[in-house]
Protein chains: 2
Amino acid sequence: MTGEHSSKQYDTDLETIRSKVLLMGGLVESHFHDAMACFRSGNIVQAAAVIKSDEEVNRLEVALDDMCSHLIVKRQPAANDLRTVMATGKVITDLERIGDESTKIARIAHEAHARHKNIAMFSGYETVRVLASSVAEMLHQSLDAFARQDGDKALKLIAYDEIIDNDFRSIMRNLITFMMEDPSTISSSLDALWVAKAIERIGDHAKNIAEHTIYIVEGKDIRHSDYVATKQGTIASNS
Amino acid sequence: MTGEHSSKQYDTDLETIRSKVLLMGGLVESHFHDAMACFRSGNIVQAAAVIKSDEEVNRLEVALDDMCSHLIVKRQPAANDLRTVMATGKVITDLERIGDESTKIARIAHEAHARHKNIAMFSGYETVRVLASSVAEMLHQSLDAFARQDGDKALKLIAYDEIIDNDFRSIMRNLITFMMEDPSTISSSLDALWVAKAIERIGDHAKNIAEHTIYIVEGKDIRHSDYVATKQGTIASNS
């Protein structure tokens, strides 16, 4: 059994990990923001800096995974506490993947601007601008829900992911029409398409963070379940 | 400290988890195979079956995650053993993601064949056929390396992922040329492009499984490191 002293130590260690995860989250948010700025401006130097800074995110992932393992071995948490550590580990993985997607956006921005130096690029940015700002907000809110352990807020974000997916599909349809009308835009339209795809994936990871938060707060693994629909049905029928 | 009895129990429990992970691996391999068959044949009934069968993979993920947590709480493994459990947990996540990508392929096959019922689809399948078979082989070998805990084999697979990435880029260039030459193929070419992207991602996950295997065997976290280049340099200079 875990004594009071050990349990306090566990709390302190977990708090250290959580604050580092939030630090990583802030870093990842600003990378995403910078990557989108590169896609808008075509600033190749900034794009290279975003790509380079992903190394810091990767280092944080390895270090935090290690801290989680140490916490488990040293404090031998009970089932309840272990669940929190495991879910925090999954948040770390999602944050690293968001870093990967931002790096992809910076790389596409770099290549695209080297290839075409005309006005078509700006229309590419315009195509994805609204999606990017919705996803940036969703990511910010999911980190906030994780920080505050706010299950209700996390639940709302999961439903929001469907709106993001619909926006992505509508962008895709528009780009196909655009390419068909003017085949000379195919190459730059595909750049916008890959950027849109990367943004949509960041939305998926933000949704995952919300799911892990619910797991931590409510102790329910809601992945692949009808939990969201059921819970929202309950809220609706109570109101 | 972990006594001999408890350590034996740990081994038995871990072996149960490992064999279930390999079962999940086999399931995921056959889903990928079936999804590609749908993309070739346009069999809508089979596509629906592939999409449906992803639920089984999702259930396995949740159940196996749970088994890993129980193992840790009940057996309280030391640092070394915990590393194996954590890495096995990551293999489970990668397998579930492979299931997602196969489902995506089946979904694209379903939509594509409903949209265009002409010969252009078969050329779509031909475009990605070789990539799909390389990635299927890579996935099979990575599961084999995980099953046998063969670090050397896993190392070779990681290097192989670069070949897959190059093949993907070459498919992308070909499809762009194809679309530019005949804009009426844009829609079906994009189907092939998304399928190629899903296949390339399955390759990434197979590479991740190889990395987790090395972590289990060698106790080194080689993600984001120059481990592969260094190790292969050593092999080259010794031969």
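Read-outs throughout are calculated quantities, based only on the coordinates presented, and are distinct from any laboratory measurement. No experiment lies behind these values; they were computed from the predicted model shown. Here the Cβ is made from the backbone with ideal geometry for all residues, glycine too, and neighbour counts use every protein chain on show.
The fewest-to-most ranking of B:K104, A:K52, B:K156 by surrounding Cβ atoms within 10 Å reads A:K52, B:K156, B:K104. Rounded to whole Å, the principal axis extents of the Cα atoms in region B:128-239 read 52, 29, 23, largest first. Measuring between alpha carbons in the structure, the pairs from A:K104/A:K207; B:K74/B:K231; A:K90/A:K156; A:K207/B:K197; A:K153/B:K220; A:K90/B:K220 lying more than 28 angstrom apart are B:K74/B:K231; A:K153/B:K220.
Summary for A:R59: label point 7 Å along Cα→Cβ; distances to the equivalent points in the other copies, ascending, 4.6 nm. Peptide B:174-180 has a mean of 3 when you count, residue by residue, the C-beta atoms of other protein chains within 10 Å of its C-beta. Counting only other chain Cβ atoms within 10 Å of each residue's Cβ, the peptide B:73-85 averages 3. Diffusion coefficient (Stokes-Einstein, Kirkwood radius over C-alpha pairs, 20 °C, 1.002 mPa s) for the protein assembly as shown: 91 µm²/s, rounded to a whole number. Among A:D54, A:D65, A:D152, determine the one that fluctuates most according to a GNM of chain A built with springs between C-alpha atoms less than 10 Å apart. The residue that fluctuates most here is A:D152. Distances between copies at A:R129, taken between label points 7 Å from Cα along the C-beta direction, are 4.6 nm in increasing order. Residues A:T16, A:T93, A:T103 in ascending order of nearby Cβ atoms (within 10 Å, fewest first): A:T16, A:T93, A:T103.
Across chain A, C-alpha contacts under 8 Å between residues 6 or more apart give a mean separation that, scaled by the residue count, equals a relative contact order of 25 percent.
Ranked from shortest, the separations from the 7 Å Cα-to-Cβ label point of B:E162 to its equivalents in the other copies are 4.5 nm.
Look at the stretch A:51-60: the mean tally of other chain Cβ atoms within 10 Å of its residues' Cβ atoms is 1. In terms of its Cα atoms, region B:4-238 spans 68, 47, 21 Å along the principal axes, sorted from long to short.
All alpha carbon pair distances within region A:14-104 were sorted into 5 Å bins beginning at 0; the resulting P(r) in whole percents reads 3, 15, 24, 19, 13, 10, 7, 5, 3, 1, 0. Taking all C-alpha pairs of region A:47-96, those more than 17 Å from each other amount to 41 percent. Taking the fewest neighbouring Cβ atoms within 10 Å as the starting point, the ordered list for A:E211, B:E55 is B:E55, A:E211.
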